[in-house]
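Below: the structure, in structure tokens.
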Amino acid sequence: MAIEHLLFGTIRFVAKRHPDLLDELDGSLDHLWDKAHGDDRDDEAVREVARRFLKSLRAER
């Protein structure tokens, strides 16, 4: 949780100065994947976590 808190705060800080950052990050989500193998792999679930993270950042604008 500490890492998420620091990352969230850092992205929020940078996005205030560079409003296009969140759009750039959103556009990169197709490149995310799950490092698990076999039936446990769920690339879309990993992308959904990132989408929620970005949605939270957008809500704070």
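The values are calculated or read from the model by the stated rules, or taken from the named source; none is laboratory data. Given the structure is predicted, the values throughout are model-derived calculations rather than measurements. All Cβ positions, glycine included, derive from the backbone under ideal geometry; neighbour counts span all protein chains shown.
Within the option set F13, F53, being of a type in the set (F, W, Y), at negative phi and at pLDDT below 95 holds for one residue only, F53. If you go through the stretch 24-43 and keep only what is surrounded by 10 or more Cβ atoms within 10 Å (Cβ to Cβ) and more than 11 Å from the chain's Cα centre (by Cα), you end up with W33, D34, A36, R41, D42, D43.
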